[in-house]
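These notes are about the structure you will find just below.
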Amino acid sequence: MAKVHFRTNVQIKSIIGKDLITDDNVAVLELVKNSFDANSKKVEVIFENIVQNDDDEIIMIPSSNTSKIIIKDTGIGMDLIDISDKWLNIAYSEKKEHSENFGRLVAGNKGVGRFSCDKLGEYLDIYSKKKDANYVHLFIDWKKFEVDNDKYLDIEDISLNVDEISPSDFENVTGFENFEHGTLLKISKCREIWTARKILSLKRQLEKLINPNQAFRQNNFDIEIKASEFIKEDINKAEYEKINGKIKNKIFEKLNFRTTSISSSISKNGETITTILQDRGREIFKLIEKNKFNLLKDIYIAVYYLNTYSKIYFSKQTGIRSVDFGSISLFINGFRIPPYGDEGDDWLGLEIRKGQGNKRYLGTREIVGRIEITDNNDQFKIISSRTGIVNNAPFLQLTKSSSPFGYFYKIFRRLERFVVEGIKWDSAKEKETVLEEKINKAGWSSSKEEYIENDLSRNKRILSVINKIIDARKDEVIELVINEDFISDILDEQAKKSKEELNNILAEIENKELNVEEVTSLLTILKSKTNDLDDFASTFSEFSENLPKAQLNKLSTLQQSFITKQSELIILESKLREVEQREKQAKEELELEREKNTYFRTSSRTISEDAKGLIHNIKITAKTINSNIDTLYEKILSGQIKEKEILTRLSVIKFNAEKAIKISQLITRSNFKTQADKQYCDIVKFIEQYIALYSDIYDTNSLHFEINTNSSSLERKLSILDLSLIFDDLISNSEKAKATQIQIDIHNPSKNALKIMFSDNGIGVEKKFEQKFDQLFELGVTTTDGSGIGLHSVRKALKEMGGNIQLLGNGKKLRGATFEINFQ
Amino acid sequence: MEKKTCLIIDDTDQSDIRERIRANGLKLNIDIECREFNVGSQWRTDLLNDGNIDIEKVIQIFKEEFNGVKFDLIAFDYDLEDKEQDLERKVTGLTLISRIGEIRKRSIKLIYSAMLNDLLQDIFEEYKKTQNLRTAKSRIKSLLFNGIRDFADRSDYDSKIITLLQAKEPNIDDLIEEKMREYNSMTFLSIYPAFKGMTFGNIADIMESDIIRGNKFKREIIDQIISNMVEINEK
């Protein structure tokens, strides 16, 4: 058995030096961090001979014209022992023993940061001085360690010389003034060309290097870049574009404008998570819940959502656009871990999510923020190459982007839901380019901000989705406080708006006479507003526990007012409808009346044929009556009339009067045609039908009729009114002769002739007329108590029909009189 | 007293009405002689053919019956109760106006038992049913071109007759016609060859029915009168 040891081949220098730290900016940052850890209040990063140098000529020793990067600090410095036992002791880090030095959390602890010098240049001169001690100088030519294929050459085999030098020598050699304590690293013959752009890039990294809030509590730490070759270029450039000058810390504790943000912290003991959501600078809720992330503690997250206005304000305040600034940075113990959160870096997978739902998720372009980890237990291990931290369990608990989510996403998703569902992205009315111009003008204030959505509806929606946003299990929630002022303000706004709406409606009602449609429309609006108010009240009730009663009463009073007004409007609507209905009815009745009146004045177009005929017949009968009366009257007055003429005219009058009565009796019969005074009809059929309905017309049961038609018929144009009257008269005479039976026999003696025998079983005609039957047809002659007009009229009417009548005598058929009527 | 004549054409007896017209006319100092012509009635079978009004018979008998009789006014009953179903052959008051109007151009025409809008309505309704444009046009033409002076309701057509007769001023044509008819049966022998051998009554008919021939004759008479007056004057 032999004892063996690890050996460190000389090539290890490159492995942990220029080959490990691949980014120059990271290399400088490491050296700056070392200065910070050495309690330096400031560090200067000086670039010399960057543009013009003799680098190509230098082989062994750098000259004064060789390109240089000088890191100069005023830290505690090192002496010979420090150099040999600590600085040259690879992987040894005093910082591992002391997590905090000088009131600062130490930044580096791997013991390899020093090898950043190898990354930056081929040569290194370290000048360091402790207080009350001498300057020490160490020169390293890194090429000596770059020996390939010599397995026997260990890094320890390369010897280095460290000297003590006098202050004057220090000044002479370095060109810098003496200092009491501190370290000056002169890195010569830069391995990369440092352009203005590259230095500016370094500047950006240095700006975000330190989180002042986290890194130190009392002491400042200034970083300054000096690059004299670029002084001329810096003239007329904006501050943030200049290379030379102090680095301003760009880590914002608080943006100097209202934003929507969420901040959350896991307590030092890891038991609780406290989260605060702010909207436009006002706290919405504060949630304290149990911490389920067992590996995480003492972590702080702050994420800001930048709406259009915020982006412009950000740019104005910081000098750079938010997209150029980066998104979520990670700080461990006060120092930023690049490249996390750099422009284009998506270490949290935010852009991948955004790609899955552009309108549902926030991306790196819409947010800025940071995660600050205070890691006393070295849980989060920085990768030696300084390109992030190891993806270990704590890192996963912090960053997991799928369910169950890591701590960052647990918090981030609340902000996301708030932005997407609560404030609907808080969109401005105008485009960013237009707003930028306005905001950059003098006189702009945030009170001039204009959004697509009004504040009240926005805030009401926030309130309604708050629980959804929080999305915390009840058993995990320790305390949830919704900002009472926020709720109260919403209530006040809503009350104000509702009152205004109600007043507007009242004004509508009071200012004018409304019709039904207008009332209905107002009622619809009122109902809608009432529903809105009810919805609001319902949402609001969840959060009303801690609000003063007066405010709660305000809401219910308002609701009551709406309901009352609604009831009043409903009654008004109903009344107006009634009035409208009555008016409509009255109009219709008036119209009808008008039509009725109009009816009388218009032509007979709308009169039925029956009515026309009726009018026609009435006119004829009335005209005849009138004419005869006029003539009678005049002649009686003038004494120029004989008795016979009087009787004749009276019989005409009577006949026509009876005709008029007949018309009124027959008009209801459905088969009674009054279209014409005369019409063609079958006399036999007429007699049959007329006799059949005789009892309907005259309502008598005392007469019994027997008709024998013998299949006869005769069509003749005649007035059926007149024919009716003829039979009326004959039947009347039979009744007066106390007949109970009437027999009518009809036959055709020839084709165009008709004979009707009308007989009754009455008392018959008087004997005195037996030889002078024709006398009966004279005016004034009667065998009954009649007027003596009837038979005369009968004969006259028959004559006009082309017929005649004669009395045959008594007992010809039945016991009483028999009349014979002939039509030829 | 002013003398006027009128004729009532109706299918029903108008004797009562004629009596009233005469009596009322006398009150107004007008001696109105009123006759009637019962076209369509059942007792004037000479005017019928198989129960229907025969228009040719009507015209012929009219000429015979009223030859030499001047009528200042002819009143037509619109509704003559013609049984004829064929509308083209159905005879109404308008038909008679059209035919009788041709031979009695100067007589005032009155239609009663129908108002103008009723008449038009009837014509249009008929047309709507039958789509017989020819008949509709013919009826409208009758209304337009037969010198119908007025329309009257049946209830007051007698007073309308009196009014129209009262308003009618005699003109030269009436005077000539009146005189011609007064000497109705005298034969015309000279001065106007066209009418040679005709009775005065015939000539009066021609003058009334044929405006052109009538005017020629009148011109001739006037020439004759003037030349006689000149002759007398010279003498």
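From its DSSP helices (H runs of at least four residues, each -39,500 (n - 2.57)), chain B gives a residue-normalised ellipticity at 222 nm of -16000 deg cm²/dmol. Against the criterion of solvent-accessible heavy-atom surface with a 1.4 angstrom probe, B:Tyr112, A:Tyr361, A:Tyr313 sort, most first, into A:Tyr361, A:Tyr313, B:Tyr112.
Order A:Arg461, A:Arg360 by their accessible area, 1.4 angstrom probe, all chains in place, largest first.
On the way: A:Arg461 50, A:Arg360 135 Å².
Largest to smallest exposure gives the sequence A:Arg360, A:Arg461.
Rounded to the nearest whole angstrom, the semi-axes of the ellipsoid equivalent to the protein assembly as shown, taken from the Cα gyration tensor as √(5λ), stand at 142, 39, 25, largest first. Taking a quarter of the surface of the Cα convex hull of region A:372-496 gives a mean projected area of 13.1 nm². Label zone (A:Glu645, point 7 Å along Cα-to-C-beta; backbone nitrogen cut-off 20 Å) within region B:9-39: B:13-36.
Among beta bridges identified by DSSP and lying wholly in chain A, the antiparallel ones come to about 85 percent. Measuring between their Cα centroids, region A:308-355 and region A:180-208 lie 23 Å from each other.
Would you work out the charge dipole size for the protein assembly as shown about its Cα centre, treating the Cβ of every Lys and Arg as +1 and the Cβ of every Asp and Glu as -1, and quote it to the nearest 20 debye?
Value, rounded to 20: 1300 debye.
A quarter of the convex hull surface defined by the alpha-carbon atoms of chain B gives 14.8 nm² as the mean projection. Per the Kirkwood formula applied to alpha carbons, region A:512-584 shows a radius of gyration over Rh ratio, Rg over Rh, of 1.18. With the simple spin-label model, which puts each label point 7 Å out from Cα in the Cβ direction, the A:Glu589 to A:Phe705 separation comes to 4.6 nm. Working from label points 7 Å from Cα in the Cα-to-Cβ sense, the A:Asn392 to A:Val173 distance is 4.1 nm. Per residue, the Cα convex hull of region B:126-235 amounts to 171 Å³. Remark on B:Arg35: its backbone amide H falls under 5 Å from those of B:Cys6, B:Leu7, B:Ile8, a criterion applied only to residues 5 or more positions apart or on other chains, H modelled at 1.01 Å from N.
If the chain between A:Gln317 and A:Leu637 were fully stretched, how many nm would it gain, using 0.36 nm times the residue separation less the Cα-Cα distance? Present the calculation step by step, with values, prior to reporting the outcome.
Numbers: separation 320, 0.36 × 320 = 115.20 nm, distance 12.74 nm.
Extra length available between A:Gln317 and A:Leu637 comes to 102.5 nm.
Can you give me the orientation-averaged projected area of the convex hull built on the Cα atoms of region A:321-425, in nm²?
Working: hull surface 28.2 nm².
That works out to 7.1 nm².
In the protein assembly as shown, taking the dipole from charged Cβ atoms about the Cα centre, the farthest positive-side position among A:Val419, A:Ile50, A:Ile276 is held by A:Val419.
On full extension of the chain, what length is gained from A:Ala660 through A:Asn220, given 0.36 nm per residue of separation minus the C-alpha to C-alpha distance?
On the way: separation 440, 0.36 × 440 = 158.40 nm, distance 13.01 nm.
Contour length minus Cα-Cα distance gives 145.4 nm.
Centre-to-centre, using Cα atoms only, region A:438-509 and region A:263-291 are separated by 22 Å. Placing pseudo-labels 7 Å out from each Cα toward the beta carbon at A:Asp163 and A:Lys232 gives an inter-label distance of 3.7 nm.
Only DSSP H runs of four or more residues enter the estimate; each adds -39500 (n - 2.57), and after division by the residues of chain A the mean residue ellipticity at 222 nm equals -12500 deg cm²/dmol. A Förster radius of 30 Å combined with the Cβ-Cβ distance from A:Lys619 to B:Gln166 puts the calculated FRET efficiency at roughly 0.80.
In the assembled protein chains, A:Phe380 presents an accessible area of approximately 10 Å² (probe radius 1.4 Å).
Length gain on complete extension for the stretch A:Glu239 to A:Asp534, per 0.36 nm per residue less the alpha carbon to alpha carbon distance?
On the way: separation 295, 0.36 × 295 = 106.20 nm, distance 5.53 nm.
Taking 0.36 nm per residue and subtracting the Cα distance, the gain is 100.7 nm.
How long are the three semi-axes of the equivalent ellipsoid of region A:225-317, in whole Å, if each is the root of 5 times an eigenvalue of the C-alpha gyration tensor, listed from largest down?
Numbers: eigenvalues 284, 75, 11 Å².
One finds semi-axes of 38, 19, 7 Å for region A:225-317.
Compactness of region A:408-476 is given as radius of gyration and Dmax, 15.8, 52 Å, from Cα positions.
Shielding of peptide A:615-625 by partners, expressed as the average count of other chain Cβ atoms within 10 Å per residue Cβ, is 3. The calculated FRET efficiency for A:Thr22 paired with A:Asp132, based on their beta-carbon distance and R0 = 35 Å, is about 0.30. Its relative contact order, with pairs defined as Cα atoms under 8 Å and 6+ residues apart, puts chain B at 17 percent. Please report how far the C-alpha centroid of region A:1-60 lies from that of region A:65-88, rounded to the nearest whole angstrom. Rounded to whole Å, the Cα centres lie 11 Å apart.
The values are calculated or read from the model by the stated rules, or taken from the named source; none is laboratory data. In this text, all values refer to a predicted model and were calculated from it rather than measured experimentally. Because the Cβ atoms are built from the backbone with ideal geometry, glycine has one as well, and the counts that use them run over all protein chains shown. Areas reflect the complete protein model, heavy atoms only, side chains present, ligands, DNA and RNA absent. Shrake-Rupley method; radii C 1.70, N 1.55, O 1.52, S 1.80 Å.
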